[in-house]
Amino acid sequence: MTNAPDVAAPNTSDIYQPSAEIVEQANVTAYMRQKGLSSYDELHRWSLENNEAFWSDMANELEWYQPWDKVLDDSNKPFFKWFTGAKTNIVHNAIDRHLKTWRKNKLALIWEGEDGEQRSYSYFSLNIEVSKIANVLKSMGVKKGDVVTIYMPRIPELMFSMLACAKIGAAHSVVYGGFSEAALADRLADAKSKVLITADGGFMRNKVIELKKIVDEALARTPTVQTCLVFKRAGNAVEMVQGRDLWMHDLLNLPIANSSCPTEEMDAEDMLFILYTSGTTGKPKGVVHTHGGYQVGTSTTLKYVFDVKDEDRYWCAADPGWITGHSFIVYAPLILGATSIMYEGAPNYPYPDRWWQIVARTGVTVLYTAPTAIRGLMRFGELWPSRHDMSSLRLLGSVGEPINPEAWRWFYQVIGGERCPIMDTWWQTETGHFMITPTPVMPLKPGSATKAFLGIEVDVVHEDGTPCEPNEDGLLVIKRPWPGMMRTVLNDPQRYVDTYWARLPDMYAAGDSARKDEDGYIWVIGRLDDVIKVSGYRLGTAEVESALVSHPAVAEAAAIGLPHEVKGNAIHAFVMLRSGFEGSHELEEKLRAHVGHELGPIARPDSITFTLSLPKTRSGKIMRRVLKARALGQPEGDISTLEE
Ligand code: WT7
């Protein structure tokens, strides 16, 4: 265990004002003037009082095949529907409509491989790539309503495959390429995918991650997949199973892979994608998002928060396999007709200035990343960034966990040259887009995600739903629906109700604790449930525990998160062994490797303690809180329910 990052505490004296130039040119300033209002707070109030008018303003910036009857349908709470009656397809807004304008020739994507390979795609060529894959999928029998699982490295074909599914009305379920076989198998089985798109392998720190091998193991565990389409990236040897596996490059050369493909007309509420995320139980939740509301929410938040304009070169350095990538690498930037950067590999490969080199060489204007990456790069010192001209940058962003003020200041000073406001965006897989976030016009306090976005109403409340006093810890809630909200949990609507809406009447409980200071700024503290944020990735303790228990030596296990300098939290596991096994350093290494193999490297515990018992409640639930307190040498708190 190493030192914890300093936790953000409300600090009202440390305030960063945006420059007059940034305020003047901000998209949100233009919108404020259009509404005849003179402050952001006034605009926010207006957007709540006229919520449907606000969201229909936003929706009117997009094209629809057929307009909506209703902006919000709340007749079956909490199963809210948005833009009902409308016909649309997110791909129409992300690609098709740009082809009718000069943006047809604009770069949509600039991609850089870890090995230095570079490729770029205009909107015109993006359309061809997507259409060809769409036609291949159709020829495999994929149709509207099917779920295609995608398991890929960070290459342009990942984006193309997602868009190809959406174009023909199939939902995609992207499983992050860093997950391993059990995680992939579970997600394939839950989504009942018949088609899987993958690649031979991907590069990370000059090592080949053999994705196809992991796929083969996962497919041995789950029987639904009939067709596995394989892109070639790393050139590693793979085994192609006859009748199941097909090379994409072969298919894309066949006449079936025509470069034109009509975009399927969808209902606004039709499913766009499923994305699995960790929760309190071991089974990951399939979060469902739809075409209509999601395209409005994601494009609106990107436009007003990162202020994306035609001149920008926008880089969201996440992986498309997470919600950040879905919303803010793939869909929102394309809807806005932006030029995006995507980089395949590690930030410090071959040297710790790889990112800064990319910023300088491609003229990045907006850089959106995570606190864990900032802390990781900060360790290498200022010399690395100082070698590069990063004067193109004008806005920075952070997401995934609270950003500690020390990392905030480094990002602001060293990377942003004290010019670039930092947009600390709080949101979730479930929310689809930013909920609490500054816009460029707002004064910033390092460590606070500031206030709710336009049209969004958030609060910090007690267990009974009454608002907390300033600076009092409470539950973070969202008090009204929003267009990009998740619609349900796939195959388990009751879990959607129970997890988010059952705790407090008419409020969405985010599962985070927070406090609000006297200026109304929100300070997110962290998760309240058994979710650990490791390097910004969301992992359920239960997932790690079941991976451990699947090893023959383990009888029982408990996982907790302990503070870590770079990762924010690191996983520490307590393990009770079966009789006949003895704890040793070798066994610890074996168990760590086992979890890595089952779930993926990010889930590998940092350390394991062998123990003869675990603290449990009388009803048999492991008290992770007690384990954590013991590990940190803190008081154990209320242990009245602890079993003797
Ligand atoms: C959880 C959601 C949404 C993209 C990435 C994470 C934490 C996220 C912030 C932030 C403090 C944050 C919360 C939230 N979180 N952004 N700016 N400040 N905490 O999505 O994996 O669904 O995780 O991440 O705890 O509940 P996710």
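A few remarks follow.
- Looking at Ser513, Ser448, just one residue is among the hydroxyl-bearing types (Ser, Thr, Tyr) and crowded, with 22+ Cβ neighbours inside 10 Å, and that residue is Ser448.
- From the list Glu565, Glu586, Glu543, the lone residue that is without any contact (Cβ under 8 Å) to a residue 40 or more places away in the chain and either within 25 Å of Ser448 (Cβ to Cβ) or among the charged types (D, E, K, R) (or both) is Glu586.
- Scope the stretch 17-34; condition outside any helix (DSSP H, G or I) and surrounded by fewer than 16 Cβ atoms within 10 Å (Cβ to Cβ); matching residues: Gln17, Ser19
- Of the residues making up the stretch 286-307, those that are closer than 17 Å to Glu269 by Cα and among the hydrophobic types (A, V, I, L, M, F, W, C) are Val287, Val288, Val296.
- Residue satisfying condition, being in contact with a helix residue (DSSP H, G or I) (Cβ under 6 Å, 6 or more places away or on another chain) and away from the ligand (no atom under 16 Å from the Cβ), within set Leu272, Leu246: Leu272
- Screening the stretch 327-403 for helices (runs of 4 or more DSSP H) wholly inside it with 2 or more residues that are within 30 Å of Val288 (Cβ to Cβ) and either within 16 Å of the ligand (Cβ to nearest atom) or small (Gly, Ala, Ser) (or both) returns the ranges 332-335, 371-378.
- Output for the stretch 307-325, where each listed residue is over 17 Å from Tyr31 (Cα atoms), away from the ligand (no atom under 12 Å from the Cβ) and surrounded by 24 or more Cβ atoms within 10 Å (Cβ to Cβ): Tyr314, Trp315, Pro320
- Residue match in the stretch 285-306 (condition: of a type in the set (A, V, I, L, M, F, W, C), crowded, with 22+ Cβ neighbours inside 10 Å and closer than 30 Å to Lys621 by Cα): yes
- Residue list for the stretch 509-529, restricted to those being over 19 Å from the mean Cα position of the chain (by Cα) and in a strand (DSSP E or B): Ser513, Ala514, Arg515, Lys516, Ile522, Trp523
- The residues on offer are Glu430, Glu463, and the sole one that is acidic (Asp, Glu) and within 16 Å of the ligand (Cβ to nearest atom) is Glu430.
- Only residues that are crowded, with 16+ Cβ neighbours inside 10 Å and touching a strand residue (DSSP E or B) at 6+ places or on another chain (Cβ under 8 Å) were counted across the stretch 477-502, and they come to 17.
- The listed residues are Ile525, Ile532, and the only one of them that is within 11 Å of the ligand (Cβ to nearest atom), more than 22 Å from Tyr176 (Cβ to Cβ), β-branched (Val, Ile, Thr) and crowded, with 16+ Cβ neighbours inside 10 Å turns out to be Ile525.
Each reported figure results from applying straightforward, stated rules to the coordinates on display, with no laboratory input. Quantities reported herein were computed from a predicted structural model and do not represent experimental measurements. Cβ sites come from the backbone with ideal geometry, for glycine too, and all protein chains shown count toward neighbours.
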